[in-house]
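The values are calculated or read from the model by the stated rules, or taken from the named source; none is laboratory data. Computed from a predicted model, the values in this text were never measured in an experiment. So basically every Cβ, Gly included, is an ideal-geometry build from the backbone, and we count neighbours across all protein chains shown. Only protein heavy atoms, including side chains, enter the accessible area calculation; ligands, DNA and RNA are left aside. Shrake-Rupley method; radii C 1.70, N 1.55, O 1.52, S 1.80 Å.
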Amino acid sequence: MFPQTKSLVDARPLNEKERSQEAFWFPGRWVGGVSLILAPLLLLSGSLLRLPFHFFFPQQLQAFDKQPTLLFIAYSLFLAGNILLWPGILTLVQLIGKSQPAWAVWGGIMVVLGLFARTFHAGIDHLAFQLVDILQVEPATKVIAETYGAFHIVSSLSACIMLGWIVLAIGAYRSSTLNLWASIALSSMAALMLGVLKGSSVVSIIAISGLCLALVPLGIRILFAPPRPSIYSVIKWTLCIVALVILLFYFGQLG
């Protein structure tokens, strides 16, 4: 299942250190497997929380004005899932690339660029919500309405947000990384709304549910494939990651 590279220099048997070096790939099965499971679930959780509100930006700002904590959590979960998805996508690309390198490269590049674009949109969402706190909802809505179509270079990535998932899904099917139904489910992400202050709709939930159906089982298979780490290693790395997240959080609060 996992990538191996062949030596182009000599054909002698590899020792243990060399086999480890040959088998290395980024971001690795553990980070990639966790990403494939966790990121889609975070995206789905955030989308479900904002489903009760109309998806267009005036209603999203009104919803934030009335329920700021709920909307903050919803948008934060979606953003966290979007950011954490990139290791999973690189892992999927790695698997596809073993037999379908062209589909893997183009699908991977387009999807990752799409993730960058959605992160940019999330930054604007955050600023818009701060305007509601500072200016109140009606002036904030007016500011967003008058600047909604302002040009930025990230708008050129809109096609990548949609088409990347289709290209990646075709590669996943052609490489037998995913079966037909899982590949179709993955391609449903092309239907997820894009842009600034976009809430959720039934179509959004269907699209992200398709992502979960495609990637979560793949992540589980990757994590449970041999060789498996010892309990000691799992506990050690879990504690290290938790400590790192806490440290990064407090460092970020310093401004």
Quiz item: What residue among Phe72, Gln136, Thr177 has its Cα farthest toward the positive end of the dipole of the chain, where the charges are +1 on Lys, Arg and -1 on Asp, Glu, each on the Cβ?
Solution: Thr177
Practice problem: For the stretch 27-225, with all protein chains present and a 1.4 Å probe, just round the carbon and sulfur fraction of the accessible area to a whole percent. | Solution: 74
Quiz item: Count the lysine pairs in the chain that are 8 or more places apart or on different chains: how many have C-alpha atoms under 29 angstrom apart?
Solution: 7
Quiz prompt | Unit charges on C-beta of K, R, D, E only; dipole of the chain, Debye | solution = 720
Practice problem: Give me the accessible area per residue for the chain, probe 1.4 Å, as a whole number in Å². | Solution: 57
Quiz prompt | Solvent-accessible surface ranking, highest first, for Thr238, Thr177 at 1.4 angstrom | solution = Thr238, Thr177
Exercise. May I ask you to rank His152, His54 by accessible area, largest first, using a 1.4 Å probe over the protein chains only?
Key: His54, His152
Quiz prompt | DSSP H segments from the chain that extend 24 Å or more along their own axis, Cα-based, with Kyte-Doolittle mean of 0.0 or above | solution = 29-49, 68-97, 101-135, 158-174, 202-224, 231-252
Quiz item: Running Debye on the stretch 27-225 with equal point scatterers at the Cα sites and no solvent, what base-10 log of I(q)/I(0) appears at q = 0.13, 0.16 Å⁻¹?
Solution: -0.67, -0.95
Exercise. Just name one of Phe53, Thr119, Leu95: the one whose Cα is farthest towards the positive end of the charge dipole of the stretch 14-138 (beta-carbon charges, Lys/Arg +1, Asp/Glu -1).
Key: Leu95
Practice problem: Roll a 1.4 Å probe over the protein heavy atoms and report the accessible area of Ile235 in Å², nearest 10. | Solution: 90
Quiz item: For the chain, what is the mean residue ellipticity at 222 nm derived from helices alone (per DSSP H run of n ≥ 4: -39500 (n - 2.57); sum divided by total residues; nearest 500 deg cm²/dmol)?
Solution: -24500 deg cm²/dmol
Practice problem: Mind grabbing the accessible area of Ser175 for me, 1.4 Å probe, Å², rounded to tens? | Solution: 20
Exercise. Express in Å², to the nearest 10, the accessible area of Tyr250 obtained by rolling a 1.4 Å probe over the protein heavy atoms while all chains stay in place.
Key: 140
